[in-house]
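I have placed the structure first, in the form of structure tokens, so that the comments after it can refer back to it.
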Amino acid sequence: MASAELQGKYQKLAQEYSKLRAQNQVLKKGVVDEQANSAALKEQLKMKDQSLRKLQQEMDSLTFRNLQLAKRVELLQDELALSEPRGKKNKKSGESSSQLSQEQKSVFDEDLQKKIEENERLHIQFFEADEQHKHVEAELRSRLATLETEAAQHQAVVDGLTRKYMETIEKLQNDKAKLEVKSQTLEKEAKECRLRTEECQLQLKTLHEDLSEYSQYNALNVPLHNRRHQLKMRDIAGQALAFVQDLVTALLNFHTYTEQRIQIFPVDSAIDTISPLNQKFSQYLHENASYVRPLEEGMLHLFESITEDTVTVLETTVKLKTFSEHLTSYICFLRKILPYQLKSLEEECESSLCTSALRARNLELSQDMKKMTAVFEKLQTYIALLALPSTEPDGLLRTNYSSVLTNVGAALHGFHDVMKDISKHYSQKAAIEHELPTATQKLITTNDCILSSVVALTNGAGKIASFFSNNLDYFIASLSYGPKAASGFISPLSAECMLQYKKKAAAYMKSLRKPLLESVPYEEALANRRILLSSTESREGLAQQVQQSLEKISKLEQEKEHWMLEAQLAKIKLEKENQRIADKLKNTGSAQLVGLAQENAAVSNTAGQDEATAKAVLEPIQSTSLIGTLTRTSDSEVPDVESREDLIKNHYMARIVELTSQLQLADSKSVHFYAECRALSKRLALAEKSKEALTEEMKLASQNISRLQDELTTTKRSYEDQLSMMSDHLCSMNETLSKQREEIDTLKMSSKGNSKKNKSR
């Protein structure tokens with residue numbers, strides 16, 4: 001059935017594919033035909049359009065000619081109409097012929113006038129077109145000249161850039177050669193490093209194999225840090241500390257109230273003296289705090305030693321030994337007070353106030369006290385065993401850890417059972433004593449306090465027993481927590497060394513864990529890089545400017561010294577000249593004074609001339625030359641020697657200062673422009689690099705596009721090949737099916753022939 005369905009599906013697919021293929025061929029042929037028809041129609045349309053334009057032009061010319069002829073016909077008809085009545089009146093044929101000749105002449109004159117006007121119009125149009133052509137030609141020639149100059153400039157720029165690029169290419173090729181040499185050396189070094197690493201790995205492997213044979217060395221391996229385990233152990237230690245604190249409080253109250261009871265029963269110490277036995281017992285009970293309090297302190301130290309950074313197993317819990325020692329001292333205290341406690345109970349039984357029921361309760365309590373001491377001794381024995389791995393590794397094997405922990409749980413449950421018996425028997429005893437006629441209020445209150453402390457001890461023992469039982473499986477499972485590839489910590493010394501190594505490793509990892517700097521966005525980093533490059537360029541330019549300024553200052557100082565020497569020489573020459581002028585003035589002084597008096601008398605005739613000469617004498621005269629503008633008085637005034645020398649010196653100094661300032665300003669501008677040009681060249685180089693990178697990316701993108709197109713074509717071809725193979729397969733299947741049908745038909749025909757033969761028989 002499945003094969004038949006598949007064959008049916010294949011047949012349907014083959015039929016649809018053949019139909020679509022035939023339709024595709026037909027559509028392709030139709031599209032090609034339509035394209036050819038559209039091209040032919042376009043050509044025909046162009047030809048028709050051209051012929052239509054020609055015909056339109058001919059039509060326009062014919063209509064214009066027809067209009068002219070129509071006008072002529074109208075004129076001729078009018079003239080004919082005018083000539084007919086004249087001919088009828090005169091009846092002269094000669095006159096009519098003359099009129100016709102005149103009419104023809106007028107028509108010819110009109111045609112000639114029109115031709116002249118048309119010729120004139122054509123001449124005007126030709127002249128305007130010629131002028132316009134000349135104007136356009138001049139514009140195009142000017143534009144061609146400008147374009148040629150721009151092309152020459154661009155060519156010069158291109159030549160400069162090509163030279164620059166060739167220099168950069170040569171530089172890059174040199175850098176490439178250097179980098180290739182450097183890469184070869186680095187490859188050699190890398191090969192050497194690989195060989196060294198392989199040797200080191202082999203050595204490390206051999207060392208690991210050697211170290212695996214020594215468990216003592218493997219014990220120094222730092223185990224994997226299990227933070228969950230440490231937090232769980234710290235939580236358990238905190239709960240145990242709380243239970244131990246409750247137990248210590250209850251024990252303190254029990255021993256203290258027992259001491260108070262001895263002071264008031266069977267003999268009240270306020271009325272009569274108690275027995276020496278009870279006095280000694282009371283003295284010992286008074287010291288209970290010095291034995292009970294250390295239990296809480298030892299448990300507190302154990303809790304503080306369990307932190308998140310340590311490794312908590314039996315080999316590393318050194319403080320458990322301290323707690324075991326405090327528990328041992330408390331058990332010594334219990335052993336010391338147990339005989340006195342038993343004798344005190346016997347003394348109560350021997351009293352005259354003691355009844356048989358009370359005597360029975362006292363005997364039961366004495367048995368319970370013995371059991372409580374035995375339970376504490378048993379518990380202390382197991383805790384001391386658990387403290388051995390941290391002090392004496394050979395004292396307890398790892399295989400016995402689970403059994404010791406199980407026995408600790410059993411001892412705690414036994415302690416709880418003993419405390420329940422003590423609570424039960426002491427409550428019965430207190431009830432009997434309350435019924436005695438000699439029972440005082442102080443005795444009743446003390447019994448109630450002892451009973452409440454016993455109940456607190458019972459509850460605390462039950463809590464700690466259930467707590468240990470609930471966590472016993474975790475304690476047993478946590479014993480496997482230890483160093484890698486080792487059965488456990490061999491000695492306390494190795495455990496201590498392991499903890500030191502762990503602290504060093506944690507400190508090293510903490511030193512490596514540095515906070516990452518805040519990342520800068522890519523665009524901002526590019527902008528900062530451009531600013532940095534420009535700032536470095538400006539800084540380099542300023543440094544060069546400062547260097548050049550220093551050089552110029554030194555040159556100016558040298559020139560200053562030179563000009564100072566020149567000024568001194570000029571001063572000496574000036575003094576000599578002044579001396580010469582003074583001697584000349586002394587010789588010619590009288591003659592000049594007479595001449596001046598005559599001139600003054602001649603000038604004093606007119607007031608206006610006098611004022612003008614006075615102004616001319618008083619006003620200064622400015623002399624302009626290449627070295628500057630010099631202000632001087634007129635020749636009529638005799639200047640002072642020193643003032644004139646100062647004036648010349650000041651003028652030259654001011655001119656030197658002005659020229660140096662202009663020179664410095666020009667140098668600073670040139671340096672600034674040079675720095676800007678360098679910065680622009682750097683930016684241009686960066687832009688070229690970015691352009692090259694973008695071109696490379698574009699090339700890669702085009703390559704990817706071509707590769708994808710090739711893949712698309714290959715997939716199309718493969719798909720077409722698969723379709724062709726499927727069609728061939730379908731055809732072969734159809735042929736086989738047709739053959740099978742023919743065979744079936746032949747078999748049917750043969751069966752029908754056989755059946756007919758049988759019927760005929």
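The values are calculated or read from the model by the stated rules, or taken from the named source; none is laboratory data. Every value quoted in this text rests on a predicted model; they were computed, and no experiment measured them. Glycine gets a Cβ as well: all are built from the backbone with ideal geometry, and neighbour counts include every protein chain shown. Note: areas computed on protein heavy atoms with side chains; ligands, DNA, RNA excluded. Shrake-Rupley method; radii C 1.70, N 1.55, O 1.52, S 1.80 Å.
Some observations on this one:
- Filter pass, Q341 being surrounded by fewer than 16 Cβ atoms within 10 Å (Cβ to Cβ) and more than 28 Å from T406 (Cβ to Cβ): no
- Residues (open to solvent by 70 Å² or more (accessible area, probe 1.4 Å) and acidic (D, E)) located in the stretch 154-170: E167, E170
- In the condition set (1) more than 30 Å from V671 (Cβ to Cβ); (2) at pLDDT below 80; (3) basic (K, R), R580 is compliant with all but (2).
- Residue-level check: of (1) within 26 Å of K576 (Cα to Cα); (2) modelled with pLDDT of 75 or more; (3) surrounded by fewer than 13 Cβ atoms within 10 Å (Cβ to Cβ); (4) β-branched (V, I, T), I656 misses just (3).
- Residue pairs whose Cβ atoms lie under 9 Å apart, sitting 6 or more positions apart in sequence or on different chains, and linking a residue in the stretch 161-182 that is assigned to a helix (DSSP H, G or I) to a partner that is open to solvent by less than 100 Å² (accessible area, probe 1.4 Å), are K164/S681; Y165/E688; T168/A685; T168/E688.
- Annotation: of all residues in the stretch 378-412 being open to solvent by 40 Å² or more (accessible area, probe 1.4 Å) and among the aliphatic types (A, V, I, L, M), the one that is nearest to the chain's Cα centre (by Cα) is L397.
- Hits in the stretch 433-448 (condition: part of a helix (DSSP H, G or I) and buried (at least 16 other Cβ atoms within 10 Å of the Cβ)): E433, L443, T446, N447
- For L353: the one exception among (1) surrounded by fewer than 20 Cβ atoms within 10 Å (Cβ to Cβ); (2) under 19 Å from N253 (Cα atoms): (2)
- A237, sole failed condition from (1) open to solvent by 60 Å² or more (accessible area, probe 1.4 Å); (2) in contact with a Phe, Trp or Tyr (Cβ under 6 Å, 6 or more places away or on another chain): (1)
- When restricted to residues that are closer than 14 Å to E347 by Cβ and open to solvent by less than 20 Å² (accessible area, probe 1.4 Å), the stretch 275-291 contains 3.
- Scanning the stretch 659-679 for residues that are open to solvent by 80 Å² or more (accessible area, probe 1.4 Å) and over 42 Å from the mean Cα position of the chain (by Cα) turns up L659, Q662, L663, Q664, L665, K669.
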